[in-house]
Structure formats: structure tokens, C-alpha cells
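The structure under discussion appears below in the form of C-alpha cells.
No value in this document is a laboratory result; all are computed from the given coordinates. All values derive from a computational prediction rather than experimental measurement. Methodologically, a virtual Cβ is constructed for each residue, glycine included, from the backbone with ideal geometry; neighbour enumeration extends over all protein chains shown.
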Amino acid sequence: MRFDLHKLTRPNIKQLTPYSSARDEFSGEAKVFLDANENSLGSPLPKWYNRYPDPHQQQVKAALSQIKGIDAKHIFLGNGSDECIDILFRCFCEPGKDNVVICPPTYGMYEVSANINDVEVRKAPLLPDFQLNLAHLEQLTDANTKIIWLCSPNNPTGNALNRTDIETVLNNFSGIVVIDEAYINFSRQKSFVQELTEYPNLVVLQTLSKAWGLAALRLGMAFASEEIIEVMNKVKPPYNINQATQDLVLKALEEVGQVNDMIKELVAMREALKEVFEQMPTVETVYASDANFLLVKIAEARKVYEFLLTKGIVLRDRSNVQLCEDCLRITIGTEKENTILVDALAEWLATKGFVSE
């Protein structure tokens, strides 16, 4: 099926004249900036925080370009991946007319953002093995289906979707296919970022919140064709990534080795914790994970969750989510935190008459 970005883009977005910031209206070097009504005397903070940040985040994109091995023109930066998600809706989905498809259980912001933007959500639930139901997915799409949202590795299940299934969707859908790879650094599966030239309808989302440990900075990334990135740039606020985030991200991106070491340690602890959970008598299943968390099916999941709260331990109760009945999602913590969790679960088991040997 032919992908036509011009046809896919909302008419009002095609006609939109984006906001032109002060920094967009000249080229070359400048020494005196009297164009943006900033406070020329400075601020209580060091450096240049009295000035508006680079609206195009050129230095950050250049650093990411080197790490990801793709041209900076294929990179869009958002205030967290959630901004990237919202902007994709606003670029390509006509409120009250268009629809999108999601595959629950999955990341909840796809549906929330759709509802905010008055876009119909159609659901093709995953199969019992947490893989795509391709036949159902195909049945749900029509001429007004603009985006299919896929999360791989998936949240909350933790598994990577079958690559051949994703490729089937990309090859047979004329709208945009978004692959959310927030947890890709913990996975054995290769990222789809390098496939952008093969699939003009592909958008890949990634984040610095997980493996890079920069959740507080709120920097999400979208990778797509230059044409899709241009549409997204028309819609975004001019200064959506603040200067402090840009400065700190640039510093962090110099530490690829440290991040890789953390990933290895988290994966090792994930596998060790999985083995511990599997030995617990009330645990039914510990699902295989390609993320930095485990989905655990356990008897009386809600009561376990509430008991752990009394110990100051917060998990994610997913027991009311389709296909995740009696399941808790457990982030891999530090070695100390993991030990505290295991000890608390042993205490819970003791209340049920199970005694550790």
C-alpha cells in the first residue's frame, strides 16, 4: 500500500504557518541579542539562562546523531515522549473524524492523548503470548485510520514484539506506524531506527528516561523521515526543550560507557530477581522481559500490593488490566532495594503459612 504523507497530514496543518521565533529570523553569528525581550542583566542562575534556548536543539541532535548513526534531520526532540505522542496526534489525526489502533495491554498515554485530541481509539488486544493479533489489527483499519501504535518492548508486559509481525504491519498499512522503543536498550531486539530508509511511514520513539537515567529532564526522541520531522516541527512550541535540559543532556551523552555498564547491571539483576520470584510458592508466572521491569502473576496480587505499601514499597498494580489479571509490574531497583522487596515478600508468604527453609 502506498504511503502518501501529504494526504495523511491534516489540512489545517498543511496550511499552518509555524511560529517564527526570534532566533529563526537570522543566520550566522551574532554578538548582541536585542530581539527577544529577554532580561539583558542576567538572572539569579549562572550561565546564560536569561536567554531563550536553541529552538532546534542543534547541539543535542548532533550528539544523538553520532550515537544513533543517523542524520540529525531525522530527529525530533520532545518534552518527554509524551509530547512526541501528542504532536503526532495533532499533525495527522482529524478530531472527530479519524481513528488510531492500539494493542492493549500497552502504554496508557496513547489512549489518553487520543481522548484529549478527540480521536477514536480502536483496540486490537495482544494474543495470550503478548504478541500482535495481525488479523484483528487489519480488520480494524479503514480509510480514516491514521496511526497504529506499537510498543516494543511492551509496557506493561516487558516482551519485545515479533520483528516479522512489525514488518508486516509496516508493509501493509498506508498510515503511520509508531514503534515506541522506550525500553529498547534493555532488549536483545535491534532497534528499528536503522530501518527509516526502508519504511517512509515509520516513526520510532525513544527516551532518555529509562536506560540513561534522565527521567527528571524530560527528553523524548522521535526518529522518522525528514518529511515527517518537518511536519512535527511545524506544530511543536518554539522552545519546547529548556536550556537546562539541553546542557545536562549534552553532558550525559558523553558517558555512553557508563550507561552501557548500568544496562548490563540492570539486566543481570533482572534475571537474578526473576529466578528468585519463580521460587516463590504463590507466584504463578514471571514473564520474560526485554525491559528494566518484570511482570509477575501472583496470587492475591492486589493484597500483595497493599501489604508492600505498608512496608513503604511501591509497585505497579496491573491486575485490572486486560491479559494482566493478578499481575504486578516490578521495576528493577538497586541491589539494596531488590533485597528489601524480596524480604518483604518473604514476610507476606509467612503470613500465608509458607516458611522459608
## Note on the structure
Of all DSSP beta bridges having both residues in the chain, the percent classed as antiparallel (nearest 5) is 55
### Query
Going by alpha carbons, how many degrees (0 to 90, nearest 10) lie between the helix axis of 301-310 and the longest principal axis of the chain?
80
### Query
Short version: ³J(HN,Hα) in whole Hz for each residue of segment 75-90, in order, from phi by Karplus 6.51 cos²θ - 1.76 cosθ + 1.60 (θ = phi - 60°), x for Gly and Pro, what are they?
10, 10, 10, x, 6, x, 4, 4, 5, 4, 4, 4, 5, 4, 4, 6
### Message
Let me spell out the model: positive unit charges on the Cβ of Lys and Arg, negative unit charges on the Cβ of Asp and Glu, origin at the Cα centre of the chain. What dipole size does that give, in debye rounded to 20?
### Response
460
### Task
Measure off 7 Å from each Cα along the Cα-to-Cβ vector at residue 94 and residue 325, then give the distance between these two points in nanometres to one decimal.
4.1
### Task
At 0.36 nm per residue, minus the direct Cα-Cα distance, what do residue 45 and residue 165 gain on full extension? Give it in nm, one decimal, please.
38.1 nm
### For segment 95-140 and segment 62-78, distance of Cα centres in Å
28
### Message
Tell me the net charge near residue 289. Cut-off is 12 Å between Cβ atoms, residue 289 excluded, with +1 for each Lys or Arg and -1 for each Asp or Glu.
### Response
+2
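Report the Stokes-Einstein translational diffusion coefficient (µm² s⁻¹, integer) for segment 105-205, Rh taken as the Kirkwood radius over Cα pairs, at 25 °C with viscosity 0.890 mPa s.
Rounded, D is 175 µm²/s.
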### Task
Take 183, 49 and order them by how many other Cβ atoms sit within 10 Å, fewest up front.
49, 183
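Compute the FRET efficiency between residue 302 and residue 135 as 1/(1 + (r/R0)^6), taking r as their Cβ-Cβ distance and R0 = 25 Å, and round to the nearest 0.05.
My answer for the efficiency is 0.15.
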### Task
Scan the chain and report its longest stretch carrying no trypsin sites (Lys or Arg not before Pro) that are both in a DSSP loop and have at most 15 other Cβ atoms within 10 Å.
191-310
## Note on the structure
The long-range amide H neighbours of residue 323, using H built 1.01 Å from N in the peptide plane and a cut-off of under 5 Å, are none
### Message
Can you work out the Karplus-derived ³J(HN,Hα) for every residue in segment 204-209? Use 6.51 cos²θ - 1.76 cosθ + 1.60 with θ = phi - 60°, whole Hz, and x for glycine or proline.
### Response
10, 9, 9, 8, 9, 7
## Note on the structure
Expressed as a whole-number percentage, the relative contact order of segment 5-254 with C-alpha contacts under 8 angstrom and at least six residues apart is 25
### Query
What percentage of all Cα-Cα pairs in segment 186-309 are separated by more than 21 Å?
59
### Summary
Note to self: Kirkwood Rh of segment 21-118, Cα pairs, one decimal, Å, is 17.1
### Query
Residues in segment 237-252 near a label at residue 59, defined as backbone nitrogen under 12 Å from the 7 Å Cα→Cβ point?
243-252
### Query
Between residue 24 and residue 172, what is the label-to-label distance in nm when each label sits 7 Å out along the Cα-to-Cβ direction?
4.0
### Task
Spit out the partnerless Cys residues in the chain, using Cβ distances under 4.7 Å as the pairing rule.
84, 91, 93, 103, 151
### Query
With Cβ to Cβ distances under 14 Å as the rule, what net charge do the other residues near residue 139 carry (K, R +1; D, E -1)?
0
### Relative frequency of Cα-Cα separations exceeding 39 Å in the chain, percent
23
### Task
Please give the length that would be gained between residue 354 and residue 37 if that part of the chain were fully extended, namely 0.36 nm times their separation in residues minus their C-alpha to C-alpha distance (nm, one decimal).
107.3 nm
### Query
Remind me, what semi-axes does segment 256-350 give for its equivalent ellipsoid, largest first in whole Å, using sqrt of 5 times each Cα gyration tensor eigenvalue?
23, 15, 12
